[in-house]
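For reference, the structure is listed below as structure tokens.
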Amino acid sequence: MEKIRLSKLMSEQGLCSRREADSYIARGWVLVDGVRITELGTRILPSQKITLDKSAQAKQGARVTILLNKPIGFVSSQAEKGYKPAVSLICAESRYRDDKSKHSFSPAHLMGLAPAGRLDIDSLGLLVLTQDGRIAKQLIGEDSEIEKEYLVRVEGKLSAEGLKLLNHGLSLDDEALKPAVVSWQNEDQLCFVLKQGKKRQIRRMCELVGLKVVGLKRIRIGRVKLGDLPIGKWRYLGENERF
């Protein structure tokens, strides 16, 4: 059996990101079969047991994940063309008043806080920002199977064949799209459930079947729902919530 880089295995097993793994190894916070490892680049067998020191566990436990109802006009990540990034909305004043989390907001919660996935500037709804590499990998890693649900207001006529193509049969960027679940929510609004997130995917899918998107809102990621979180407000991911 071939040995694999320890940091790669730690990431694959969902213990942390590869960058975090290297940091933990350098600090002596990683044990393999009970033996503390401190050398970067160490390779081990996939069958060997990896555990994290209590210091690493405590560091992970202090990390926060934030749920934001992103308004239209904000970009998901880096500021561009004069538009502000969504993270600029995270402050004590914009916290949802009914947030039941025990966390007290701290500027430290903004350090390393990054969006786990994108939401277009002209779309609104649920955006996840996290300090936790494990959650980021779960939501946007190559092997992610997490569902994302959207309400999409459209203009135009959609045939039965067009609806069938939205569910399965379309390609973008010369690549066949994964099957989706698309259905009518009401007379001018569709519900999309996707397991992938190509750039402007829903808008481009609709264009291919003759529809124009006039409103798009993400309402669910995995088992976590937007619920009654107001536009522009945020809350912490609850201790018992899992994507």
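The values are calculated or read from the model by the stated rules, or taken from the named source; none is laboratory data. Keep in mind the model is a prediction, meaning the values are calculated, not measured. Cβ sites come from the backbone with ideal geometry, for glycine too, and all protein chains shown count toward neighbours.
Within the set A160, A180, the sole residue that is of a type in the set (A, V, I, L, M, F, W, C), without any contact (Cβ under 8 Å) to a residue 12 or more places away in the chain, farther than 30 Å from F105 by Cα and not assigned by TED's automatic domain parsing to the domain that holds G125 turns out to be A160.
Counting only strands (runs of 3 or more DSSP E) that sit completely within the range 9-100, those holding 1 or more residues that are more than 20 Å from the chain's Cα centre (by Cα) and of a type in the set (S, T, Y) correspond to 50-52. Taking the range 57-71 as the range and being aliphatic (A, V, I, L, M) and loosely packed, with under 15 Cβ neighbours inside 10 Å as the test, the residues that pass are A58, A62.
Checking each residue in the range 102-126 for being part of a strand (DSSP E or B) and under 8 Å from the mean Cα position of the chain (by Cα) picks out only P115. Within the range 127-158, being among the polar types (S, T, N, Q) and not in a loop (DSSP other than H, G, I, E, B) holds for T130, Q138. E207 fulfils the conditions (1) in contact with a Lys or Arg (Cβ under 9 Å, 6 or more places away or on another chain); (2) surrounded by fewer than 15 Cβ atoms within 10 Å (Cβ to Cβ); (3) not assigned by TED's automatic domain parsing to the domain that holds T130; (4) not in a strand (DSSP E or B) except for a single criterion, (1). Of the residues making up the range 94-131, those that are of a type in the set (G, A, S) and surrounded by 21 or more Cβ atoms within 10 Å (Cβ to Cβ) are A116, S123, G125. Of all the criteria given as (1) over 30 Å from Q57 (Cα atoms); (2) in contact (Cβ under 8 Å) with a residue 60 or more places away in the chain; (3) among the charged types (D, E, K, R), the one not satisfied by E147 is (1).
State whether one or more residues within the range 83-91 are over 26 Å from Y150 (Cβ atoms) and free of Cβ contacts under 8 Å to residues at least 60 places away in the same chain. The answer is yes, given that some residue of the range 83-91 is over 26 Å from Y150 (Cβ atoms) and free of Cβ contacts under 8 Å to residues at least 60 places away in the same chain.
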